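A.B. asks: Below you will find the structure I want to go over with you.
What follows is calculated from the coordinates using simple rules that are stated; it is not laboratory data. These numbers come from a predicted model, not from an experiment. Here the Cβ positions follow ideal geometry from the backbone for every residue, glycine too, while neighbour counts run over all protein chains shown.
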Amino acid sequence: MSTDDILQRLEELRAHDLPTHGGRTLAYVYDSGLADADELGKRALAMYASTNGLDPTAFPSLLAMEKDLVAFARPLLHGSDDVVGSVTSGGTESILLAVQAARDARPGTTAPVMIVPTTIHAAFTKAAHYFGVERISIDVDPTTKRADPAAMAAAMDTYGERVVLVAASAPSYAHGVVDPIGAIGAETQRRGLRLHVDACIGGWVLPWAERLGHPVEPWDFRVPGVTSISADLHKYAYTPKGVSLLLHATPDLRRSQFFASADWPGYTMLNATTQSTKSGGPLAAAWAVVSLIGDAGYLDLVRTTLDGTAALVAGIDEQEHVRLVTRPDSSLVTLETDASCDVFTISDEMLARGWFVQPQMSFRDMPASLHLTVCAATAPAVPEFLTALAESVAAAVTAGPIAVDDGLRAAAVSIDPATLDDEAFDGLLALAGLGSGTGEVTVPERMAPVNALLDVAPPALREALLIAFLDRLSR
Ligand SMILES: *Cc1c(COP(=O)(O)O)cnc(C)c1O
């Protein structure tokens, strides 16, 4: 293909994606609205695309930029000079490494566990799965959705020597509330346990929110007992994708994160993170964008974002049939509906109006909800958003809540996914509206019927069905 044809094809392919800019996609992407920062990030990404973080002595530029980013974050998160950090590829990798480092710091532990609130990110479940550390999920306060320090402390005692890590969120992704880190830290410190704070989404918002006078309970390295923090730069630092920070309170706490292998005839492999060969592009882009926006720039962006969030909350409070699940502590807003409509239909209606809002399925006693991540570029569009929401809710009320057939509901509850073969999955995917029954899958334009059905499926069946879907989608 010629260069022109290839570029044209790349443009065409992108046409089917969600927009990354403009503030109308309220999950997955983050838009500062700063064209110069975006442009600079792209240039730095390209300049460093072929560098290799495999060996920091061969590419000292990457080590220097990593140290600069850690140095930027350290005072922001009230860390002492002892705080050290690694740049990872994203929040999930930061969390994986926090769990792996905690497990490997306690080598003799049989059946290790981590104590976390139910609301902590699914990346901890993935870490549990990868590293054989059981996730013990403790119910959160039913009203505030914040972690329950007393119940977590009781679990620390129940599991005793088996506990290698305790973690909580600042804020949680699903509800946007900051867990009581101070109270949890008091419990972990007393027992000599590690405490990881997942500030993947809040780490680049809360420090400035506090300076702007918003009420923010201490959650960072100021809190006695906090041993590590994850903060994603590819979220509210508005850098290109592929960058997160994992910070440890001391070098000692980080050591078990590192991996070396001399057990082969090639170079001695020496890695700080999960990847070995890794592009320096995202790191350079993050260094460039953070250097350009800087402390004062982030203060402005957070002010804009939180003013936008407040306007959004006030507008939602005035609308019928939808309400906030809880008051947000940061820039994440979660909605639920009354019985006259459902969140899945509202999500489809919003998409038809050019807005992406993210459905969250019901979980235990929490009904299905809609997640909205507000970023700086969303703020000026809040009035338009509220108009679209009012129209979408009205349409959803007219349509009425989606009813799942009783027979299907009963079947969903009784199916054991472990007993299903490929053919059975094909049949179920077709029933769910995701396939033809012959192994081909499709993504329907309106997702509400699919989501409503998935929502009544027990989590294990939903997971198995979606894995079967992904398997077919990517064949
Ligand atoms: C986004 C997020 C993660 C996972 O990060 P990825 O960058 O998507 O891997 C973990 N925790 C929280 C609170 C998040 O918001």
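A.B. asks: Taking a temperature of 20 °C and a viscosity of 1.002 mPa s, what whole-number D in µm²/s does Stokes-Einstein yield for region 128-194 with Rh from Kirkwood over alpha carbon pairs?
C.D. replies: The estimated diffusion coefficient comes to 171 µm²/s.
A.B. asks: With a 10 Å radius around each residue's Cβ, average the other Cβ atoms per peptide and rank 188-201, 155-168, 228-241, highest first.
C.D. replies: 228-241, 188-201, 155-168
A.B. asks: At what distance in angstrom do the alpha carbon centres of region 106-156 and region 55-91 lie from each other?
C.D. replies: If we compute the Cα centre of each part, the gap is 27 Å.
A.B. asks: What 222 nm value per residue comes from the helices of the chain, counting each DSSP H run with n ≥ 4 as -39,500 (n - 2.57) and dividing by all residues, nearest 500 deg cm²/dmol?
C.D. replies: Dividing the helical sum by the residues of the chain leaves -13500 deg cm²/dmol.
A.B. asks: A further question follows. Give the separation of the Cα centroids, region 396-428 to region 283-353, in Å.
C.D. replies: Using only Cα atoms to place each centre, the spacing works out to 32 Å.
A.B. asks: Something else now. For region 197-282, give the magnitude of the charge dipole about the Cα centre (Cβ charges: +1 Lys/Arg, -1 Asp/Glu; no others), in debye to the nearest 20.
C.D. replies: Approximately 200 debye in magnitude.
A.B. asks: DSSP loop trypsin sites (Lys or Arg not before Pro) in region 369-468 with at most 10 other Cβ atoms within 10 Å of their Cβ, which ones?
C.D. replies: The qualifying sites: there are none.
A.B. asks: Most exposed first by the Cβ proxy, i.e. fewest other Cβ within 10 Å, how do HIS175, HIS16, HIS129, HIS121 rank?
C.D. replies: So the residues, fewest neighbours to most, are HIS16, HIS129, HIS121, HIS175.
A.B. asks: Kindly identify region 92-160 as rounded, prolate or oblate by the Cα gyration tensor criterion: order the square roots of the eigenvalues as a ≥ b ≥ c, call it rounded if a/c is under 1.5, otherwise compare a/b with b/c, prolate if a/b is larger, else oblate.
C.D. replies: oblate
A.B. asks: How many times 2.2 N^0.38 Å is the alpha carbon radius of gyration of region 49-96?
C.D. replies: Relative to the rule-of-thumb radius for its length, region 49-96 sits at 1.26.
A.B. asks: Now, a different point. Looking at this model, which pairs from LYS67/LYS278; LYS241/LYS278; LYS67/LYS126 are more than 20 angstrom apart at the alpha-carbon?
C.D. replies: LYS67/LYS126
A.B. asks: Which residue, chosen from ALA395, VAL456, SER436, occupies the Cα position most advanced towards the positive end of the dipole of region 377-475, where the dipole is computed from +1 (Lys, Arg) and -1 (Asp, Glu) charges on Cβ about the Cα centre?
C.D. replies: ALA395
A.B. asks: Less than 16 Å apart at the alpha-carbon level, and either on another chain or at least 8 residues along: which lysines does that give for LYS235?
C.D. replies: Filter leaves LYS42.
A.B. asks: Could you order peptides 390-399, 344-353 by the average number of other Cβ atoms within 10 Å of their residues, highest first?
C.D. replies: 344-353, 390-399
A.B. asks: With an 8 Å Cα cut-off and a minimum separation of 6 or more residues, compute the relative contact order for region 214-342 in percent.
C.D. replies: So the answer I get is 17 percent.
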